[in-house]
1. Is it the case that segment 110-118 has a residue that's at pLDDT 95 or above, within 15 Å of ligand 1 (Cβ to nearest atom) and touching an Asp or Glu at 6+ places or on another chain (Cβ under 8 Å)?
2. Report whether or not residue 79 is within 20 Å of the chain's Cα centre (by Cα) and either within 16 Å of ligand 2 (Cβ to nearest atom) or over 20 Å from residue 295 (Cα atoms) (or both).
3. For segment 80-101, enumerate the residues that are within 16 Å of ligand 1 (Cβ to nearest atom) and not aliphatic (A, V, I, L, M).
4. Can you give me the number of residues within segment 26-57 that are open to solvent by 40 Å² or more (accessible area, probe 1.4 Å) and over 25 Å from residue 128 (Cβ atoms)?
5. Checking residue 77 against (1) touching a helix residue (DSSP H, G or I) at 6+ places or on another chain (Cβ under 7 Å); (2) in contact (Cβ under 8 Å) with a residue 60 or more places away in the chain; (3) within 16 Å of ligand 1 (Cβ to nearest atom); (4) aliphatic (A, V, I, L, M): exactly one of these is not met. Which one?
6. Is there a residue in segment 131-146 that is more than 16 Å from ligand 1 (Cβ to nearest atom), surrounded by fewer than 20 Cβ atoms within 10 Å (Cβ to Cβ) and of a type outside the set (Val, Ile, Thr)?
7. In segment 189-223, what residues are farther than 21 Å from residue 245 by Cβ and of a type in the set (A, V, I, L, M, F, W, C)?
8. How do the pairs read when you match residues in segment 226-245 that are more than 19 Å from residue 144 (Cβ to Cβ) with residues anywhere that are open to solvent by less than 20 Å² (accessible area, probe 1.4 Å) and in a helix (DSSP H, G or I), using Cβ under 7 Å and keeping only pairs 6 or more apart or on different chains?
Amino acid sequence: MKAAVYRGPHNIKVEDVPEPRVSGKKVHVQFKAGSICGTDMHFYRGEWKWMKRGRIIGHDACGVRADTGERVVMVPIAHCGFCYYCLRGLPTYCTRGKFMGLTRDGFFAEKIALRPRNLIPVPEGVSDEEAAVVEPVTLALRVLDALKPSVGDWATIIGQGAIGLLMTQVARLKGCRVIAVDLEDYRLRLAEKYGAEFCVNAKREDAVKRVREITGRGSDVVVEAAGTRGTVEQTPFMVRKAGRVALVGESEGYLNLEDADEAVFFTVYISPVEYPLAVELIAKKILDVKGLVTHRFRLEDFEKALQVAGDPAEKPLKIVITP
Ligand SMILES: [Zn+2]
Ligand SMILES: [Zn+2]
């Protein structure tokens, strides 16, 4: 079968690989659609180097169960169920957790072997393409739950890529007034469509100054989803006293807390917990992922898809791969 295999930086190739065996409780899932994530791009660009060469990548996808014929979203995280965290109901932090597409073979392959507990049925009315963009929804739900904004709070979302745009949508659902920050007008236009009240192009305006102007006292909550050192370092000066900041994009950068007021800073990573809710909210049209898909490629053209994903001139958001 064909699969997208990580061979090193700038070297992800579609190769013929053996089909995965179904052992134990695993079942075969036929790949239907998947989307490229910023994480995949970190590996492609050589910014993160710890993935084992030979690994099949991809961790956001849907398929069809070979045994039942059911369409399913594939959850890329497997937790053990009996470690310290699992026993406390916190599978997110499982110490024996496996992450498909990173520490185990992922989803950009014609066939995948998974346990049924990693498969969520796709409701009718949800397209394969929509069911291929679930991971950023789960992250947005998790982050806004952790930030606990009150109705009417200012939420500043730095970075309006696919993840930031979903943060904007979820922040609106939480009753926040959203300030969207990005460098690209095409992304800010989408942010506006998803309910952002102010759109700040940080190429033209000083984003920190503008956020303080709009809010008067600083933003109640801030999400850093741009993934640059510069934007990470802006966050202490955008948040209000005793506000909360989620650092989602990139952990690099130094928070100058000496010149900052008191506030809460935390990181949030991927978790299996929000997957069923994410699928439900997409099905009920409460959250939109359709509008985030900008490009479509076949699996055999995966290298071309990566090039487009890394080319700002193509204005990429989500790139969907089909068999
Ligand atoms: Zn991802
Ligand atoms: Zn565990």
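The values are calculated or read from the model by the stated rules, or taken from the named source; none is laboratory data. All values reported here derive from a predicted model rather than from experimental measurement. Cβ sites come from the backbone with ideal geometry, for glycine too, and all protein chains shown count toward neighbours. These area figures cover heavy atoms from the full protein model, side chains too; ligands, DNA and RNA do not enter into them. Shrake-Rupley method; radii C 1.70, N 1.55, O 1.52, S 1.80 Å.
1. No, because not a single residue in segment 110-118 is at pLDDT 95 or above, within 15 Å of ligand 1 (Cβ to nearest atom) and touching an Asp or Glu at 6+ places or on another chain (Cβ under 8 Å).
2. Yes.
3. 92, 97, 98, 99, 101
4. Count: 7.
5. The one condition residue 77 does not meet is (1).
6. So far as segment 131-146 goes, yes, one or more of its residues are more than 16 Å from ligand 1 (Cβ to nearest atom), surrounded by fewer than 20 Cβ atoms within 10 Å (Cβ to Cβ) and of a type outside the set (Val, Ile, Thr).
7. 190, the sole residue that qualifies.
8. Short answer, once both residue conditions are applied: 234/207.
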